[in-house]
Amino acid sequence: MKKIGFLYVKGALPMFEDFGNLPTHIVRNNGMINGFKIHKELDGLIIPGGSIIESQSVSEELKKEIIKMDTAGKFILGMCSGFQFLSNKTDIGRKSPCPINREGLGLLDVSFSPMVGTDRVKAKIIKDSFLTEGMVGKKITGFHCHTYGNITGDAEPILKSLVKRTNYANDPREILSGVRNDDGNVVGLMVHGALDENHDLVRNVLKFIDADENDILKIKNANKTLLNKIKMEIGVETGINIDKSVEVNNSVHKSSTKIIMIASTGSDSGKTFITTGIVGALIKQGYKVGVLKVGPDIRDIVPSLYLNKEKMENFSSIKIGGLGWKDLKEVFEDLKKNNYDIVIVEGVMSIFTGMLNKKVPFSSAEIAIAANIPVIMVSPCNKGGIETAAVDVVSHVEMMNKMGINTAGIILNKVYDEGIAESTSQFIKDKTKTEFLTFIPKIQLTERGNMPEVEIKLDDFCLNAMETAQNYLDIGKIIKLAEEPKFDNYMKFKEIIDRFTGIKEM
């Protein structure tokens, strides 16, 4: 049968998208499958997105094999981080005053530098390659999810995306999002979901490897086996497997999908770290977990998807104030089709950020109100100290109570002194009447990369998050705090301000 390899190394996102259900074999760092070198055994190779560049997880042996595949004229498709791996270099120093360059294989003559993109996009095909043959002038669909999206160099452009926003600002324009090598057998793309949403691209891949109807059937069956195998492991090359026996027990008792929001008093609170940890702990127990992001910055839920190996769906981003992918009501309609046991929603910045904007909805608070979603509030202690974090979260929860939001729990995060934290606990409980209150210490990661913004190493970040959640959070209690969502409707701006805050609109 025809064999299409799929890179499976630390930092790769093997189920972030399906790649047209083409991959048939896992390629690990030894550069072999079935005891043979991949350049002899495979008809093509797909390199998924993730943090392959930041993690520096591809072995020298595997790099040599990939170069040999190019020399042999086999197809190689790199997506996002996989594209960057095939390029000359990537500057991953988004918040560094100086470039921090990571070298690629140099199979595609381009380099990358920081440019954030999280749009759903249409992209125009401008040149042929093994992937785009006969499609010049046509448009495809997909989404961007990158921090380093600025592409410069001399490789042949094949794709340009029509974007609405980059670097958190409205800036509609056309940007380069795909290139090929001179021979057309090596392609890099930044448009995730391209093969899943555009069948003509899949057809071209199958045509390039001379796959007949019998081959296509075998590829389809092999892909099912591959996905089942990949799905059994939490993360990549962790050796941590899902407890399937618990999953059977959970499914017996499940009556409907439950949902809970992780929100906070401000940015850099650790929402993403805590969300990722909770997701990891839940899937280890066998739960089928969905993850959503309030607002457009879907990069924040990538670590969760790395652990639970669910796809980035077109409903993964909840629209606020026109920013994001889908309206809340549409999101809930889509959720009903996916049979999740529990859904974790990660808020945006502070739970109130955007609330006084006249565009409704524009805040995590309004999303929580509209769907009756219980909220666990995270308050970080690293900036103003533990006492300030306590006072801050109390004031937030008091306002949330006035607005009718169900504050299900409170987490003091990045706690540096357990004694001080304990002394504040009674104050918080007395003021908020919240029973679920817990502390998480400040976690020191061994590498830089503790935020999706800066050099994130998915493997380190995610495993630390999961271990932290297991050690410091009562996962069983969080499951009980989650509730079935009930979408009422968004309250109008003036109603929120007048009814709950007592502040008259200016």
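Those residues that are buried (at least 17 other Cβ atoms within 10 Å of the Cβ) and at pLDDT 50 or above, I need them from the stretch 444-467; list them, please.
Within the stretch 444-467, Glu455, Ile456, Lys457, Leu458, Asp459, Asp460, Phe461, Cys462, Leu463, Asn464, Ala465, Met466 qualify.
Out of Lys284, Lys329, which single residue is surrounded by fewer than 21 Cβ atoms within 10 Å (Cβ to Cβ), charged (D, E, K, R) and touching a Phe, Trp or Tyr at 6+ places or on another chain (Cβ under 7 Å)? Explain how you work it out, then say what you get.
Values: Lys284 fails: touching a Phe, Trp or Tyr at 6+ places or on another chain (Cβ under 7 Å).
Going through Lys284, Lys329 in turn, just one is surrounded by fewer than 21 Cβ atoms within 10 Å (Cβ to Cβ), charged (D, E, K, R) and touching a Phe, Trp or Tyr at 6+ places or on another chain (Cβ under 7 Å): Lys329.
Quick check, is Glu133 modelled with pLDDT of 95 or more and more than 25 Å from the chain's Cα centre (by Cα)?
Details: modelled with pLDDT of 95 or more: yes; more than 25 Å from the chain's Cα centre (by Cα): yes.
It is true that Glu133 is modelled with pLDDT of 95 or more and more than 25 Å from the chain's Cα centre (by Cα).
When you scan the stretch 206-243, how many residues do you find that are touching a helix residue (DSSP H, G or I) at 6+ places or on another chain (Cβ under 7 Å) and either surrounded by fewer than 12 Cβ atoms within 10 Å (Cβ to Cβ) or not in a loop (DSSP other than H, G, I, E, B) (or both)?
4
When the stretch 72-93 is examined, which residues are found to be surrounded by fewer than 24 Cβ atoms within 10 Å (Cβ to Cβ), touching a strand residue (DSSP E or B) at 6+ places or on another chain (Cβ under 6 Å) and more than 25 Å from Leu22 (Cβ to Cβ)?
Residues satisfying the conditions are Asn88, Lys89, Asp91.
Of the residues Val348, Val360, which single one is surrounded by fewer than 24 Cβ atoms within 10 Å (Cβ to Cβ) and hydrophobic (A, V, I, L, M, F, W, C)? Walk me through it before giving the result.
On the way: Val348 fails: surrounded by fewer than 24 Cβ atoms within 10 Å (Cβ to Cβ).
None of the other options fit; the residue is Val360.
Quick grid of which residues meet (1) assigned by TED's automatic domain parsing to the domain that holds Gly188; (2) at pLDDT 95 or above; (3) of a type in the set (Val, Ile, Thr):
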{"position": "Asn34", "(1), (2), (3)": "yes, no, no"}
{"position": "His39", "(1), (2), (3)": "yes, yes, no"}
{"position": "Ile47", "(1), (2), (3)": "yes, yes, yes"}
{"position": "Gln56", "(1), (2), (3)": "yes, no, no"}
{"position": "Glu61", "(1), (2), (3)": "yes, yes, no"}
{"position": "Lys64", "(1), (2), (3)": "yes, yes, no"}
{"position": "Ile67", "(1), (2), (3)": "yes, yes, yes"}
{"position": "Gly73", "(1), (2), (3)": "yes, yes, no"}
{"position": "Ile76", "(1), (2), (3)": "yes, yes, yes"}
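How many of the residues making up the stretch 244-274 are part of a helix (DSSP H, G or I) and either of a type in the set (Asp, Glu) or modelled with pLDDT under 90 (or both)?
Going residue by residue through the stretch 244-274, those that are part of a helix (DSSP H, G or I) are 244-253, 271-274.
Then drop every residue that is not either of a type in the set (Asp, Glu) or modelled with pLDDT under 90 (or both), which leaves 244-253.
Total satisfying the criteria: 10.
Kindly evaluate Val391 against the criterion of being crowded, with 22+ Cβ neighbours inside 10 Å and under 22 Å from Phe436 (Cα atoms). Break it down into steps so the answer makes sense when it comes.
Numbers: crowded, with 22+ Cβ neighbours inside 10 Å: no; under 22 Å from Phe436 (Cα atoms): yes.
It is false that Val391 is crowded, with 22+ Cβ neighbours inside 10 Å and under 22 Å from Phe436 (Cα atoms).
Inside the stretch 328-347, can you point out the residues that are within 15 Å of Ile369 (Cβ to Cβ) and assigned to a loop (DSSP other than H, G, I, E, B)?
Gly347
Being aliphatic (A, V, I, L, M), under 16 Å from Val302 (Cβ atoms) and touching a residue at least 40 places away in the same chain (Cβ under 8 Å) is true for just one of Ile52, Ile4. Which residue is that? Let's see the steps before the verdict.
Numbers: Ile4 fails: under 16 Å from Val302 (Cβ atoms).
Just a single option satisfies the conditions, and that option is Ile52.
Conditions tested, residue by residue: (1) at pLDDT 95 or above; (2) farther than 24 Å from Lys258 by Cβ.
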residue	(1), (2)
Ile351	yes, no
Met355	no, yes
Val360	no, yes
Ser364	yes, no
Ala370	no, no
Pro380	yes, yes
Gly384	no, yes
Asp392	yes, yes
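Please tell me if Ala169 is small (Gly, Ala, Ser) and out of contact with any strand residue (DSSP E or B) (no Cβ under 7 Å at 6 or more places or on another chain). Working first, answer last.
Working: small (Gly, Ala, Ser): yes; out of contact with any strand residue (DSSP E or B) (no Cβ under 7 Å at 6 or more places or on another chain): yes.
Criteria met by Ala169.
Every residue, every condition in (1) in a loop (DSSP other than H, G, I, E, B); (2) surrounded by 20 or more Cβ atoms within 10 Å (Cβ to Cβ), yes or no:
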| residue | (1), (2) |
| --- | --- |
| Phe16 | yes, yes |
| Ile26 | no, no |
| Ile53 | no, yes |
| Val58 | yes, yes |
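The values are calculated or read from the model by the stated rules, or taken from the named source; none is laboratory data. Owing to the predicted nature of the structure, the values given are computational and were not obtained by experimental measurement. Here Cβ is always computed from backbone atoms with ideal geometry, including for glycine, and neighbour counts include all displayed protein chains.
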